[in-house]
Each structure stands twice: as structure tokens, then as C-alpha cells.
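Visitor: Please read through the structure below; I'll follow up with questions.
The values are calculated or read from the model by the stated rules, or taken from the named source; none is laboratory data. The shown structure was predicted, so the numbers you read here are calculated from the model rather than taken from an experiment. Don't worry about glycine lacking a Cβ; one is built from the backbone with ideal geometry, like all the others, and counts go over all protein chains shown. The protein model used for the area step is the full one, side chains on, heavy atoms only, and it has no ligands, DNA or RNA in it. Shrake-Rupley method; radii C 1.70, N 1.55, O 1.52, S 1.80 Å.
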Amino acid sequence: MSQPSRHLRDTLETWCAMGVTGAIRVLAPPGGTLYVADGWITYAECPSACGVDRLLTASGRLPVASWREAVAAGRASHRVGERLVQGGLLTPVELEATVLSALHGAALFLLCLDSAIRLDMGETPAIGPVVRVDLRDACAEVDRRRRALDDAWPDSRMDTHAVVPVRSLSGHHVGLNALQWEIVAHADRRRTPIDLARSLGRDTFATLLEVRRMARAGLVGPGRPGGRGAAGRWIGAGDHSSADATAPDDGIGTGEDADEQALEPPAHPAPAGAEPAPLAVVAGVDAGPVPLSADDRPLARRTASPVRWSDGAGPSPDVCPVSVLLRIRDGLAAL
Amino acid sequence: MVFDTEGCLRQIMAIRGALGANLVDFTSGLSVGAAGRTPSEDHHVTAAGVSNVAHSALSTAAFVSTGQVNHVDDIVVSAENGYHLIHFVGGRPHARMALYVWLDRALGNLAMAQRHLRSTAAELVAG
């Protein structure tokens, strides 16, 4: 069964009240899946948020091999979580906490979308029945988290732009907590908080929050927008094509990108043609892949308009050399 | 003995004078599980509060000289409405869990509760 596009929460409320069991696929970018059993949310995943696989392997809590073993053994029976506990790799409390972290991390992006959704009846997540969360509690948590982010620092660009630590302190001394240290140590001027959370295997919301707190303290600032294509849309940006919204079939990663992510900075999947002119980047009117708010959209259009000019032989105003401008000024002055 | 969240909370609620307990992911403010009463509207609000207190304690360089790595074991808040104890579940570089217990001021014994929380926390993380 599927529903036309409207606020996702309304549709979910109806389905949860009906006590459905299955996978609810969110079709709008960033895309993702909510698993429900008898109307309770049991798992959620979204390419923007750390799944259980990354939380366990990228953080170093479990070796990738152990994770893969558990997945291989428990995937078919949808009991991966149980395998991890039985194998003595995790305590039940750790498993519950990790699944909740992944679930609420994904919910943060998914539960504020206006999106068409599709219900695949009967599907269950491979991790197994570990937790049950009431939809209203999940929504309340999403609202609390968004408030917490805005209270920490209202500039939502910090979520979707590269984290750029300042080169020098304005004061004498600063104290960082463990997560802030990891963020600063791994910030390579390209990774967004979402990328950093994934490569560190840290809770996505916690990472977003610490980045905003550091932004308030003037320790980091926003660099280029980008990273995972999904990044900015939950803030309420417009509609954008995205190819990386595809989700794994049963809500579980194999941990295969665990090593790759740590070594290589993520690529910037800018849609073809949206790459801004170099000058625009310098001027900070980047029309990059992830517009952030309604305010940014006029800027994106503005950078697109020079194309009309460059159709002819004349140079695009965006790349107009200073010498030409000086000649024009001199010419006007001579009149 | 390896126990789940419910078992862990039961064990905390067995502390003399315990009014309420909460297992909190202090990096995100998420309540992983809760039992008993709560000093605020609900357990989720309490968990968020625990997270805020933990954040302040961990990011304040109180009593630590510059450049030294600090480790906080617990936070104790003595208030009119009781004792509030937050114990960090340590041992792992990525530790993000804290046990919170709200104690009755008349019945509770801080030192006993601290010892109790410490041993519960030790059981939470597999070897």
C-alpha cells in the first residue's frame, strides 16, 4: 500500500494505529526505511544517519569481521542482534542502546519530511526485535532534538556544510569533551557533521549537537556545503534529485564501507551542472548540491542566470576579470 | 550475570531510598530505559536534563589543569527534592551511557548508592 505525498507523520499515525507490521519506505530524499511491528517502531534507517553497523564497527566497538559474522549468521532469520548478544560480543543493554541510537538518528531526518511512503507488509529488520518505540515518543524526541540543535546554535548550515575548525583561538585556552575532540581531529575541511558521525561511528545527533556547540563557541565554522547528498533536506529545503537515497533491503549494513569511510574523505556527489563557478565559491554564494533554506534558493537561481550571458561570446559576469571591469570603468569615466 | 535494560533498572531501583532511575545516552540525551518516578514531567525530559548536566561537567575543565585528560566518574547534585546521582558507564573509549538515580534525602545514602551504581555499571559492558 502506498500514500500520496503529505506529511509523513500523519500517514504513519494512521498506519501505526492500525497496528501494521512491515517496512515503511520513505521515498523523498534522503530516503530511508522505518520498520514497524504491530504499530510500534522497531528500527529506522536513513543514509544520513549512522546505522547499527557503523555505530558498532566504525567506533571500534566491534571488529568488522565479528559484525559480518553475526550478520551472516543472523540475517536470514532476522536475528542479528540476538547473535551479537549470544556470541558475547555485546551486552543486551549495549544492543538496545545502539539500536535506539540508530533508530532515533534516522527518525531525526525521516519524521519531518513531506514524503510519499510505501508500506511493504510483513518485512522485519535484520537486526531483529530489539526495541519498540511508540510513534508519538519518536516524534517528541525528534522535536526535542531539533529544538536542542537550534538552542545550541541557530545556524543550520553547520549540519550540512563541511566542519572547518578555526586556525587559531581568540583566547588563551579551550576545553573540549571527547566527542568534540574527535570531531576536530577528523575534520578535514570537507567532511560535514553527518560524514564525521559516520566515519567515527558516533551518534549522528550527538555529533550535530557538538558541532553546533563548537560553532557557538567560535571554534568551528561552516565550509563548503556537501558531503552525503542527503544532508540538508530535512531542514526543509526544496526538492532535489538524489541518487544515494537507496537503502539496504533489510535495514542492516554489512559494515563493508567501514574501512573505506575512515580512510577516504567522502566524495561530493554534486549533481551534474550544479557545480558553482569558482568565483561564486569564494564569494560564499555557492549554489552547491544542498540548498539549506528558503533564503538560499534565490542565490541558487542567481548563479544559474549567467549561463544566458555566456551563451554568446561575452565572458560570464561571474568570471569577469578585474582588468575588463577597470577598462569599463575608465571608459565610463571618459564619457 | 548479563542483564538487559529492565534488569539493570530493577537493580538500581533496589538501592535504598531510590525514587527513580534512568539509563541515559548522555551524548544525545536519549533515555534508553527508565523506572520509578521522575523529578520532571517525564523520563525523556529527565534524560535530556541528565545529558545537559553531564555535558557541563565534562566540558568544564574544573579542577583540571590545561592539557590534562580528565575522567569524571560521577556527578552528585544535592537538592531540596533529593539527591541526584549520575554515574558514567566507563571503560570504553566510546562510552556514552550514564546511570541516573534520584534518591530520597531522608532514606538515601550517597556513598552506598555510589558503590551500588558502580557495580551495576561494571556489569553493563561486556568484557
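Visitor: Using a 10 Å cut-off around each Cβ of peptide A:173-184, what is the average number of partner chain Cβ atoms that fall inside?
Guide: Taking all residues of A:173-184 together, the mean is 4.
Visitor: Report the far tail of the P(r) of region A:86-199, meaning the percent of Cα-Cα pairs longer than 19 Å.
Guide: That fraction is 64 percent.
Visitor: Give, as a single signed number, the net charge of other residues whose beta carbon lies under 13 Å from the beta carbon of A:GLN180, with Lys and Arg counted +1 and Asp and Glu -1.
Guide: Spelling it out: positives minus negatives among the neighbours equals +2.
Visitor: Roughly to the nearest percent, how much of the accessible area of region A:74-153 is carbon and sulfur, given a 1.4 Å probe?
Guide: So the carbon and sulfur contribution to the accessible surface is 48 percent.
Visitor: How big is Rg to Rh over region A:1-136, alpha-carbon atoms, Rh as the Kirkwood inverse-mean-distance radius?
Guide: 0.98
Visitor: Compute log10 of I(q)/I(0) for region B:5-124 with the Debye formula, placing one identical point scatterer on every Cα and leaving out solvent, at q = 0.11, 0.18, 0.23 Å⁻¹, to two decimals.
Guide: For region B:5-124, the Cα-only Debye profile gives -0.33, -0.88, -1.42.
Visitor: Right, here's the next one. To the nearest 100 Å², how much accessible surface do chains B and A cover up together, summed over both, with a 1.4 Å probe?
Guide: 2300 Å²
Visitor: Now for a different question. Kindly provide the GluC sites (Glu not before Pro) of region A:101-193 that DSSP labels as loop, not H, G, I, E or B, and whose Cβ sees at most 16 other Cβ atoms within 10 Å.
Guide: none
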